[in-house]
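Below is one structure; the comments refer to it alone.
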Amino acid sequence: MSVLTDLVSPYSQETFLKEVWTKKSVHLTARGDRRFNSLFSWEKLTELLNYHEFEFPALRLAKDGQVLEAKENENFVQHCQEGATLIIDRVHKLVPEITRFVAALRREIGHPVQVNTYCSWAGTQGFKCHYDTHEVFILQVDGDKEWYVFPDTVKYPLIDQKSARLEPPEVPPVLRCTLQPGDVLYIPRGHWHYAVAGTQPSLHLTLGVLAKTGIDFLEWFIQQARDRENWRANLPLLTDAAPVSLAEQIKALKADAIAALSDEQLIEEYSRAIAHSEKPFAPYSFPHQAGFNIFPQGIETTFTRPPSQRIQIDPLPDESGYRILADNKEITLNGVPQKFVAHLFHYEQFTGSDVVNWLSDFDWESEIVPVLSHLVMEGIIFVNAEQF
């Protein structure tokens, strides 16, 4: 089952995206299935606090509707004892289980994802009513928390259109629900909300989807336009003596933009740009990437590819090899046949012997070993750690 399908159950993906996504908040009950215990726990939170040093605002406190000043982090335990909510940002970069979860979801939906964790204490409210500028999934890990969700007052707010200086709507909540362990609450961006912890300490993960917008597309298009001489040219001076009027040049640029935006290839290029815009979530494997011990089992060494890896393969113009785009990394493989790249990026795990079978005309030591070594050192494939 896909990550998104499990997340939005009992909705199907199709129904959720058609009827719920960006439109309304929904409470998705797990009916007692503590399905997020494998991702996070009080024990894992304790490990983060014990073995990592966090700087404000990566770790911050919220109390009575306000985020406390950075200096208050020095006494965060005392503040928690007094009811402050503890927040740690970007735990998907700190907890391997969440990393793998987010990587799989990122591959499915194609848009950036991040996860923060929040722990609150019985009967407390950390934040006042506000809205977020990204899509929100609340994953309840432990305890219970009551949520109040209200309509949006700014439709689809951008990242700089925050709620801090605005007033929430003075209407009854459109959704009031209590999350139990394993439950999910989806809140569209722009929808006002606040929460109060229940009878026990509450621990939840906030999964934010930073979906791309039309504004993002235009900003990307502007970057492409920088390569066009006519878009870099000066606009006419505002004088009657100018050989070309401002209106004439703007009309010419408008026609050029319309022609470019009408090109179907532009959509494909932007889709690729989104898909390959972010770094892989777990890009390192040492000592192999430093060039050491790449073949611990010789020809029987097992190699793996990240299951969330997004691959694009393009033949070189002179047909001498292939350009490989893996996540946001780009490499060139010269002198390899199409069947090699087809097999290599079809399997998530393979051995050196498998590669020999794919490249029956290639010598193991002089031709195959250098290619595999190059791929390992570039972080495209990894030496399977289970062999050690």
Within the range 140-164, count every residue that is more than 23 Å from the chain's Cα centre (by Cα) and under 26 Å from Leu39 (Cβ atoms). 8
Please verify whether the range 299-312 includes one or more residues that are on the phi < 0 side of the Ramachandran plot, over 29 Å from the mean Cα position of the chain (by Cα) and at pLDDT below 95. no
Result of the Cβ filter at 7 Å on the range 34-55, keeping first residues that are touching a residue at least 60 places away in the same chain (Cβ under 8 Å) and partners that are aromatic (Phe, Trp, Tyr) and surrounded by 11 or more Cβ atoms within 10 Å (Cβ to Cβ), at least 6 apart or interchain, is Leu39/Phe101
For the range 295-388, please list each of the helices (runs of 4 or more DSSP H) lying entirely inside it that holds at least 1 residues being of a type in the set (Asp, Glu). 352-358
Kindly check whether there is at least one residue in the range 348-369 that is under 32 Å from the mean Cα position of the chain (by Cα) and open to solvent by 40 Å² or more (accessible area, probe 1.4 Å). yes
Considering every residue within the range 298-310, establish whether at least one is surrounded by fewer than 17 Cβ atoms within 10 Å (Cβ to Cβ), touching a Gly at 6+ places or on another chain (Cβ under 6 Å) and either in contact (Cβ under 8 Å) with a residue 12 or more places away in the chain or more than 27 Å from Val102 (Cα to Cα) (or both). yes
For the structure I just gave you, tell me whether Ile274 is within 30 Å of Phe221 (Cα to Cα), under 27 Å from the mean Cα position of the chain (by Cα), assigned to a strand (DSSP E or B) and aliphatic (A, V, I, L, M). no
Sort out which residues of the range 256-285 are exposed (fewer than 11 other Cβ atoms within 10 Å of the Cβ) and of a type in the set (Gly, Ala, Ser), and write them in order of number. Ala259, Ser262
Where residues in the range 226-245 are touching a residue at least 24 places away in the same chain (Cβ under 8 Å) and outside any loop (DSSP other than H, G, I, E, B), which of them is surrounded by the fewest Cβ atoms within 10 Å (Cβ to Cβ)? Asn230
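The values are calculated or read from the model by the stated rules, or taken from the named source; none is laboratory data. None of the values given here were measured: they were computed from a predicted structure. Every residue, glycine among them, receives a Cβ derived from its backbone with ideal geometry; neighbour counts consider all protein chains shown. SASA here: full protein model, heavy atoms, side chains in, ligands and nucleic acids out. Shrake-Rupley method; radii C 1.70, N 1.55, O 1.52, S 1.80 Å.
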